[in-house]
Each structure stands twice: as structure tokens, then as C-alpha cells.
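Notes follow once the structure below has been shown.
The values are calculated or read from the model by the stated rules, or taken from the named source; none is laboratory data. On a predicted model such as this, the values are computed, not experimentally measured, just so you know. When we count neighbours, we look across all protein chains shown, and the Cβ atoms used for this are built from the backbone with ideal geometry, even at glycine. Ligands, DNA and RNA are excluded from the accessible area calculation, which covers all protein heavy atoms including side chains. Shrake-Rupley method; radii C 1.70, N 1.55, O 1.52, S 1.80 Å.
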Amino acid sequence: MTNIIPHNLKEIWDDWILHGAVLVSLFFQIWLIVFASWRKRTGSMFMAFIIWSLYLLADWVAAFAVGLITKGNKDCGKQVQSDDLLAFWAPFLLLHIGGPDTITSFALEDNELWLWHLLGLVIQPIAVGCVFLNSIWNDPWIPTTLVLVAGTIKYAEWTRPLYLAFLGNFRESMLPPPDAGPNYAQLMEEYSSKDRSYVPVEIIIAPEKRADHSASSVPKKASAGPNHIPEMEDGYKFYKIFRGLIVDLIFSFQERNDSRKCFFQLFPDQAFRIIEIELNFMYDALYPKMVVVNSKIGCSFRFICAGCIAASLKLFVSYHKHKMHMADKCITYFLLIGALGLDVIAIIKLIFSDWTIVLLKNSTAKRWIYSTREKLFFYKLWKPCRSFFDRRCCNRISQHSLIRYSLSERFKWYNKLAEVFGLKDLLDEIQ
């Protein structure tokens, strides 16, 4: 039987498929940490499609490479000379599956799969651990262990935000402790008892506290200079209040009145900036890892990961590599430097994020972080680039034109074909 694929091409594929999968996985991580946050800044369907594709392919390629490694050196390719090098590469793929801080889910429905990813948190480290155990007594077992620890932490960092952003858990995290309210039976019993004893008693119904709008016609002065820290704090405060609307919770009259009083005292540009900051916090709570990595435990694990990768790089540099192919050596350095670089970028973005500024208690530290962020980022040197990256959302609201939808009716056969493949709703949304 004649093979369709030439023998030479098949040999090249067998020899270099693992190398290609590992490098492509690293490439996807770099693209995601750079471009995933663009999704909230632009309403472009094309950009959303690119990010969605990268999000799916990054997970698939990393899992595919783990599968290749678990098959062993014999099946992965002749270019990888030692099993201990395969064991050293495998934990890096756990880092890649854990993904960057900028995205954990693309849609709210992805958060419902947290149980599936929790199962993966058990299975994937076991698969990598099996590869590691086969070469545990080889020379690079210490750096391999360090990267395995970092990879497991990264995978857990990916699963935890999915659990927290699942709407059922998201709702439960905002519910206050149960409060039965006043004991009306006991109240009426005491009232009747005192009334029968001819003791003067009266029930007074306290009126609802109303907000004072006397200063509503006098807007607040704008922040001095470019300092928007008070607006960030207001945005975070309103995020904590109104995030309950996502899961159909209601807020009190006092919270409503406080919100109205605050916005009545603002200039329009200030009010819209606070709303933009509030929406940014809501996005960060549902799609990236920001809620997890901004906790004390999350920050600690982030520095532990970076320390493990840096120590692994230092140990690998001193490891004798004269038996390695140049390609294997270069790919290993790419993985180490790439992982360390991605972690350093993630730590820098974490330190200078809005979350860090609003959660810090020290006002001097807040101002220093904010002023340093304004001076540090290179994109602020170019005005058009600054206007894009300073946005926390796309500043657009989607609208549906009934007239345009009615006039641009699709062909009947096209609609039937779309219904067969279940694409009619998607085409209607695009239209």
C-alpha cells in the first residue's frame, strides 16, 4: 500500500514534532499575555476571534505536547537524546496550561467547567510526575522538581479563578450572613403585656434615611494633575456594591442613595471614568486571575513560582550539557528564559495594577505606585498608543438596528443551512 505522506517528510515530522509543539506552546503564552487584555479595550469581532483562537489552541497544544512526552523518547523523536531532558520539559507545559494572568476564561460559560479543570489539576501533574519518576535519579532532578512545583501552582491558579467566577459561587461569595431580622412575635408579646398593664408604650416606625442632594448641583473638583486614585477607590467601592447585579442580587436603598449622591457631585468625565474603572474590576473578577493573585496567598505563590524558575535556570546553567544536541539545549533555554520572563512581566503588571492601588492601605505607597506606573510604561510615550492602552474598556455599547436587520434579510436556503449546523443565532448576532 502506497503511503500518501513521503517517508522523508514523515521522518522530519517524527523527529521535530515535540520540539515544534513545545515552542508553539511557549509562543501562544507570549501572545496571550500581550494580547488577551486587548479584548476589553476593543469591540472588534476580528480581535475577539484571534484571542479566542489563541485561548483554545494554547491549552490544546500544551496538552498535546504533554501527551507526546508521556509516550516516551522513543516515540517522540530521535532528536531528544535523554529521558531526563523530556522530564525537564514536561513541567514547563504545566506552566503553559496554567496560562497567563490575563485570561482564564473567554466566556462566562467557560467558568462552569471548573470541575473539569479541577480533574485536570489531578491528572496532568500525575502524567508529568510519571515522566519525572522515570528519570528521578538523573542529574537535573532538582531543577525539574522546582519547575514541577511552579507548574502545579500555576495550574491551581488557573482552576481557582474558574471556581470563584462560576456564577453560583460568585453569588454565594456576596451573600451576607443569615439575618432573621427583628423577632416580631416577641415584640408584639411585650407590647401587649405592657398595654394590658397600662404601661405607656408606643411603636415608632423610623423613616427611611434619605440621601442629601443639597450639594448635587455643585460638582466635585477634578483631581489635581493626572492622579485618579480617588476615582479608582470610588470605582472599586461601587464594584463591590453593584457586582451583585450580575447574579440578580439587589442592593439596599442606602447603597442606591449613596451612589446617586456621589454621581450627582461629579463632572461627566469623572462619572464615566469611575464607571469605566468599575466595569474593569467586574471584568477582572470574571475572566482573568486578578482576584486570586491579588490575595495574600496568591501573591506569595506568585513569588514562589518566579523563585523556583529562577533557581532552576541557575542550576541548569551549571549542569553539564556536552551530551545534548544544540537544538535541545536552545529549546531548554528558551523555555527557562521564556517562563521567567513571563513571570516577571506578570509580577510587574500585578504590582502596578488598579487592584494593588485600591487594596493598599498606605496612601504614600498608593501614590508612588501610581506615579511610577505613569512614568514606567513605554507605550505612554506615543499619544495614540497611550489613548488605547489607558482605556479599561472599549467605550462602546452594542446596539441592534431592527430596520437594518429587516432590510438585509438573508436567503432562505442560507438560513436553512445555518439552522442545520446550529449557526443561525451566531449569524444573527454578527448581523
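Computed from backbone phi, the HN-Hα couplings of the range 105-111 come to 9, 9, 9, 4, 5, 5, 5 Hz, rounded to whole numbers (Karplus: 6.51 cos²θ - 1.76 cosθ + 1.60, θ = phi - 60°; Gly and Pro given as x). Sequentially through the range 58-64, phi angles give Karplus couplings (6.51, -1.76, 1.60; θ = phi - 60°) of 4, 5, 5, 5, 5, 5, 5 Hz, Gly and Pro residues having no value and appearing as x. One decimal place: the segment LEU359-LYS261 gains 32.9 nm when fully extended, by the rule 0.36 nm per residue minus the C-alpha distance. Pairs to check: LYS261/LYS296; LYS154/LYS375; LYS296/LYS366. Give those whose C-alpha atoms are more than 27 Å from each other in this structure. Going by Cα-Cα distance, LYS261/LYS296; LYS154/LYS375 fall outside the 27 Å limit. With a Förster radius of 60 Å applied to the beta-carbon distance between LYS329 and GLN399, the computed FRET efficiency rounds to 0.60. For the range 16-32, 3J(HN,Hα) computed residue by residue from phi via the Karplus equation (6.51, -1.76, 1.60; θ = phi - 60°) reads 10, 5, 5, 4, x, 5, 5, 5, 5, 4, 5, 4, 5, 5, 5, 5, 5 Hz, glycine and proline entered as x.
Annotation: per residue accessible area for the range 276-361 equals 44 Å², rounded to a whole number [probe 1.4 Å, protein chains only].
When a 1.4 Å probe is rolled over the protein heavy atoms, the share of accessible surface on the range 264-365 that falls to carbon and sulfur comes to 75 percent. Note on TRP31 and LEU108: the extension gain reaches 25.5 nm, defined as 0.36 nm multiplied by sequence separation minus the Cα-Cα distance.
The C-alpha radius of gyration of the range 89-141, expressed as a fraction of 2.2 N^0.38 Å, stands at 1.42.
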